[in-house]
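Step one of this worksheet: look at the structure below.
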Amino acid sequence: MITLLDGGMGQELIARSGDAPTPLWATQVMIDHPGLVQAIHADYFAAGATVATTNTYALHHDRLVGSGAEGRFAALHRQALTEARAARDKAGRGRIAGSIGPLGASYRADVGPDHATATRLYAEVARILAPHTDVILGETIASLAQARALLEGALPTGRPVWLSVTVDDGDGRRLRSGEAVADLAAIARDGASAVLANCSAPEAMEAALQSLSAAGLPFGCYANGFQQITDEFLKDRPTVDALHARPEMVPELYADFAEHWAGQGATIIGGCCETTPAHIAAIARRLTDRGYALT
């Protein structure tokens, strides 16, 4: 049995809107184009995804500072949740994963608040998401400290919590912080329901999965289609035009990776940035052809 996640949302929003990227990324597109998030969720369900991941990854107070949308924190979460639920209800099936991205910035372990503050901020988001979702999905976790804070913040909601880390593109045994992925196991056993790796190169996932399996929990991954995480993107308040897609990462090639991950025992598989409904459809076809049931 494979849980088939959806693919990228933020990059798909940018591509479909035709708008120039801003530091608010997917949030800005959701503000400017109501209904587009729902349409993308619908396309992922049609492609075979069994989970819709909410467009709430970048909805943190620190991301909204200076944007003019500071007072819309709760309302933007409600909009993202409403669009995900509408797509799920129309599809008549599937679960909703409430996405929580990292505080401070993606891929960086050197920014962000202290543990108590981070836990409180993650808890605030989790409380908004929990009543309307089936699982809380902490995404692109770059360090063990981020994992601890997110888990502590989200567990009190009573929803299952999936921890998903981002790993070094050249060495999937290491988090972006340089810490060992295998060391996530001790943290995850304190209450996580699954462990994953995301938003890293597909080639890094084999080693990441080997390390994640040590937790003794359901595990999986969903890779990105970026050429690399550039130094320009790691600066403060970046925009996604600093990142570029890999032209060779077509749906069938990505499905090759997904088939291999399933062979390693991964039971949660999907796509991250620069993957599309076509990538998810290719995974669905490949895995069902190989005898896997999608749930």
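Explain nothing, just the number: dipole magnitude of the stretch 22-173 about its Cα centre with +1 on each Lys and Arg Cβ and -1 on each Asp and Glu Cβ, in debye rounded to the nearest 20. Before the final figure, lay out the partial values.
On the way: 14 positive and 15 negative charges, 112 e Å.
For the stretch 22-173, the charge dipole is close to 540 debye.
For the chain, what class follows from the C-alpha gyration tensor (a ≥ b ≥ c being the square roots of its eigenvalues): rounded when a/c is under 1.5, otherwise prolate if a/b is larger than b/c, else oblate?
It comes out rounded by the Cα gyration axes.
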(request) Could you state the accessible area per residue of the stretch 247-295 in Å², with a 1.4 Å probe and every protein chain left in place? (result) 40 Å²
(request) Return the single residue from T50, T166, T22 with maximal mean-square fluctuation; model: Gaussian network over the chain, springs between Cα atoms under 10 Å. (result) T22
(request) Return the distance in nm (one decimal) between the two label points of a simple spin-label model at R285 and H132, each offset 7 Å from Cα along Cα→Cβ. (result) 3.5 nm
(message) Of the candidates H41, H77, H33, which one comes out as most mobile in a Gaussian network treatment of the chain with C-alpha springs shorter than 10 Å?
(response) H33
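If you roll a 1.4 angstrom probe over the protein chains with everything in place, what fraction of the accessible area of the chain belongs to carbon and sulfur, to the nearest %? Write out the running numbers ahead of the final one.
Details: 5640 of 11150 Å².
Carbon and sulfur: 51 percent of the exposed surface of the chain.
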(request) Would you mind working out the magnitude of the charge dipole of the stretch 117-219 relative to its Cα centre, with +1 at each Lys and Arg C-beta and -1 at each Asp and Glu C-beta, to the nearest 20 Debye? (result) 340 debye
(message) Given an 8 Å cut-off on Cα distances and at least 6 residues of separation, report the relative contact order of the chain as a percent.
(response) 21 percent
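Can you compute the charge dipole magnitude of the chain about its Cα centre, using +1 on each Lys and Arg Cβ and -1 on each Asp and Glu Cβ, nothing else charged? Give it in debye, rounded to the nearest 20. Please report the intermediate quantities before stating the final value.
Working: 24 positive and 33 negative charges, 192 e Å.
Here the chain has a charge dipole of around 920 debye.
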(message) Along the charge dipole of the stretch 57-152, pointing to its positive end and built from +1/-1 on Cβ of Lys, Arg, Asp and Glu, which listed residue (V135, G101, S67) has its Cα farthest out?
(response) V135
(request) Specify which residue in the list G10, A278, T117 is farthest towards the positive end of the charge dipole of the chain, using unit charges on the beta carbon of Lys, Arg (+1) and Asp, Glu (-1), about the Cα centre. (result) T117
(message) Given contacts defined as C-alpha pairs under 8 Å and at least six residues apart, what's the relative contact order of the stretch 36-141, whole-number percent?
(response) 32 percent
(request) Might you tell me the accessible area per residue for the stretch 1-154, computed with a 1.4 Å probe and given in Å²? (result) 35 Å²
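The values are calculated or read from the model by the stated rules, or taken from the named source; none is laboratory data. Because the structure is a prediction, the values reported are computed rather than measured. Heads up, the Cβs are rebuilt from the backbone with ideal geometry, glycines too, and the neighbour counts pull from every protein chain shown. Keep in mind that these areas ignore ligands, DNA and RNA; they rest on the heavy atoms of the full protein, side chains included. Shrake-Rupley method; radii C 1.70, N 1.55, O 1.52, S 1.80 Å.
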